[in-house]
Amino acid sequence: MSAGLLLDEVTLRHGDGEDITTALDEVTLRVEEGEIVAVVGPSGAGKSSLLAVAGGLTVPDAGRVLVGDVDLSGTERDRARIRRERIGYVFQSNNLIPSLTAVDQVRLPLTFGRHDASRDPLELLAEVGMEHKAGRRPHELSGGERQRVGIARALVTRPRLLLVDEPTAALDRRRSHEVVELLAKETHHLRMATVVVTHDHDVLRHCDRVYEMADGRLKPTRPALV
Amino acid sequence: MFLTIRELVFARSRFALMGTVVALIAILMVLLSGLSVGLVDDGVSGLKKLPVTSLAFERGVAGDAAFSRSVVDLGTVDEWAERDGVTDAAPYGNTLVNAKTNGDVDIDLALFGVQPGSFIDPEPARGTRLGSDPNEIVVSATALDAGVRLGDVVTVDRVGTELTVVGVLDGQHTYGHVDIGYIPLRTWQEIRTGTAPGAQAPAHAYEEITAVAVRSASGTDLAAGDREVGTMSMTLEESFGASPGYTAETSTLQMIQVFLYAISALVVGAFFTVLTIQRKPEIAVLRAMGASTRYVLRDSLAQSLVLLTISTVLGVGIGVAAGAAISSTPMPFSLDPGSIAVAGLLLVVLGMAGAAIAVLRIVKVDPLTALGGNR
Ligand SMILES: Nc1ncnc2c1ncn2[C@@H]1O[C@H](COP(=O)(O)OP(=O)(O)O)[C@@H](O)[C@H]1O
Ligand SMILES: [Mg+2]
């Protein structure tokens, strides 16, 4: 049976000549549908690179990436289609569009193409606790509010795969727990495969499995041991 | 259009500034177009209204001064009349003079000498045609604006010939920015040779005209006629270039217009280049979320199209209003809907070209850059 996400011996290098960094070193990772997996590790370990490869933003130098039963080794055009149809991405710097109100941020992905099973943007904003600020633009929102709008935006197309980069970086403790709990709830509820990258060990107990990353290598740990 | 409209509203002051620039360019284009059409009318409207297909000038005369320099023998009129394909040929004289009316109005006139009753002797809208009285003149309607009235007596400066205004033509008949007055050929010949009333004209005076006015079937071999008769034919269209200042004026204005188009394309292109470069991070996010190249292109170009169309329409509107005000002044100005439409369309098309070049450079931005600096 196909997994929600499968990385099979994926290697990704940056730079060339003398100056090569191996961001991902033969990384293998399988995430089932309905499962939320956390990846922890220090800055520069390769966590964002892992998400970029899993999200089809870049093609690895070696190894295979599958989202459901779809291979992500195609052209940029093919990968763009897979991104808009199957993948939700919550960026580290939440990357909202300055001109759009919160509700329009969430609507935006629906304008990229046809989406049969899309969700109602306002309902989704309510679910992340942002319905009262639906008309605000990013510069009128706090870091945590922007983060939650970013999550709603990633969920609106009902993605099969949800990739979340450092969701708690801009949040206080209480908010951090709320956000990761929300992600876990949505993952189980919508049966997505979710990968959350974080260096906030506090939130790991909401996740089903935890991996540790260092120097581009990935190894499993148990939440209790972290 | 989802993003297009919201971006336009969000960055409205920036877009308004750019729209103002485009609108100003559009205004300038309308005014230039009006001025060039007006100048053409002022320069050659009287020639355009001649019922001739070509004019046979003196052989070898300078092409850009044919009307003032050419002297053709009266006998050549009959020679042209007899040629195959020529339906009409008549003597034509052209002289610029200063004159004064009995109402004490100073006026410059282009005197067109014609044989009364010939095919180029015009039918006035008011008054009567030239008759047997040698001292009659039929003037352009625009001469009335200058203060000439039907029935006035116009005295030609220096020579002293007195001409009674017996008819007024329909609309503008001007040549070299001067109102046209049609007079009998013999009178024209006397004025041209400076013969005062009652004085004896030199012997050659009555044998000389400026050119032979010819109306011929299309496909008539004018070159063969020129060889035979010893003249130099210009089609009516070609003869415009022989009217004073015409070529210089039209080519100057054309050059200004071409520059204006080039500038507008560059300005719009530069604006959209800056705008799209500023939008680069945003476009990277769109690409990272899976927006197709087509989506990003369509969004950016729709923005340019909306901006260009609105500001061009606004600018043309203001330009036409300003032009209508100018039209009522003595300035040569005439609004031609056709050339205004072409100018507006060209402005939009060139602006879109500038915008497209700017957008194409950025649409392929690597979606990875959406991950930002602190990846
Ligand atoms: N575009 C790039 N060019 C060169 N090196 C890069 C690039 N992106 C990432 N790296 C390098 O790859 C390694 C992993 O980076 P990253 O995946 O961003 O780590 P993390 O998200 O865990 O902080 C780092 O050493 C980083 O400097
Ligand atoms: Mg990172």
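Throughout, read-outs are computed from the coordinates displayed, never taken from laboratory work. Note that the structure is predicted; figures quoted are calculated from it, not measured. Don't worry about glycine lacking a Cβ; one is built from the backbone with ideal geometry, like all the others, and counts go over all protein chains shown.
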Residues of region B:82-131 satisfying the condition of being buried (at least 19 other Cβ atoms within 10 Å of the Cβ) and among the aromatic types (Phe, Trp, Tyr): B:Tyr92, B:Phe112
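Conditions (1) away from chain A (no Cβ under 14 Å); (2) β-branched (Val, Ile, Thr); (3) on the phi < 0 side of the Ramachandran plot, marked per residue:
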| site | (1), (2), (3) |
| --- | --- |
| B:Thr4 | no, yes, yes |
| B:Ala16 | yes, no, yes |
| B:Val37 | yes, yes, yes |
| B:Asp41 | yes, no, yes |
| B:Leu47 | yes, no, yes |
Residue check, A:Asp165 surrounded by 18 or more Cβ atoms within 10 Å (Cβ to Cβ), under 13 Å from the mean Cα position of the chain (by Cα) and within 16 Å of ligand 1 (Cβ to nearest atom): yes
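What residue, of A:Ala80, A:Ala54, is within 11 Å of another protein chain (Cβ to nearest Cβ) and within 25 Å of A:Arg146 (Cβ to Cβ)?
It is A:Ala80.
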Per-region count, region A:157-181, residues within 11 Å of chain B (Cβ to nearest Cβ) and under 27 Å from A:Asp71 (Cβ atoms): 4
Within region A:86-96, tally of residues that are more than 7 Å from every other protein chain (Cβ to nearest Cβ) and within 16 Å of ligand 2 (Cβ to nearest atom): 2
Single match in B:Leu350, B:Leu335, B:Leu314 (criterion: away from ligand 2 (no atom under 16 Å from the Cβ), more than 14 Å from chain A (Cβ to nearest Cβ), surrounded by 14 or more Cβ atoms within 10 Å (Cβ to Cβ) and in a loop (DSSP other than H, G, I, E, B)): B:Leu335
Verdict on A:Gly56 being surrounded by fewer than 18 Cβ atoms within 10 Å (Cβ to Cβ), in a loop (DSSP other than H, G, I, E, B), without any contact (Cβ under 8 Å) to a residue 60 or more places away in the chain and more than 12 Å from ligand 1 (Cβ to nearest atom): no
Close pairs from region A:111-123: first within 14 Å of chain B (Cβ to nearest Cβ), partner among the polar types (S, T, N, Q) and in a helix (DSSP H, G or I), Cβ under 9 Å, at least 6 apart: A:Pro121/A:Gln105
Hey, A:Ala38 within 16 Å of ligand 1 (Cβ to nearest atom), more than 25 Å from A:Arg119 (Cα to Cα), more than 14 Å from chain B (Cβ to nearest Cβ) and small (Gly, Ala, Ser) or not: yes
In region A:1-35, residue farthest from the other protein chains (Cβ to nearest Cβ) [restricted to those that are more than 11 Å from ligand 1 (Cβ to nearest atom), outside any strand (DSSP E or B) and over 15 Å from the mean Cα position of the chain (by Cα)]: A:Met1
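Name the one entry in A:Arg83, A:Arg174 that is away from ligand 2 (no atom under 16 Å from the Cβ), free of Cβ contacts under 8 Å to residues at least 60 places away in the same chain and surrounded by fewer than 22 Cβ atoms within 10 Å (Cβ to Cβ).
Just a single option satisfies the conditions, and that option is A:Arg174.
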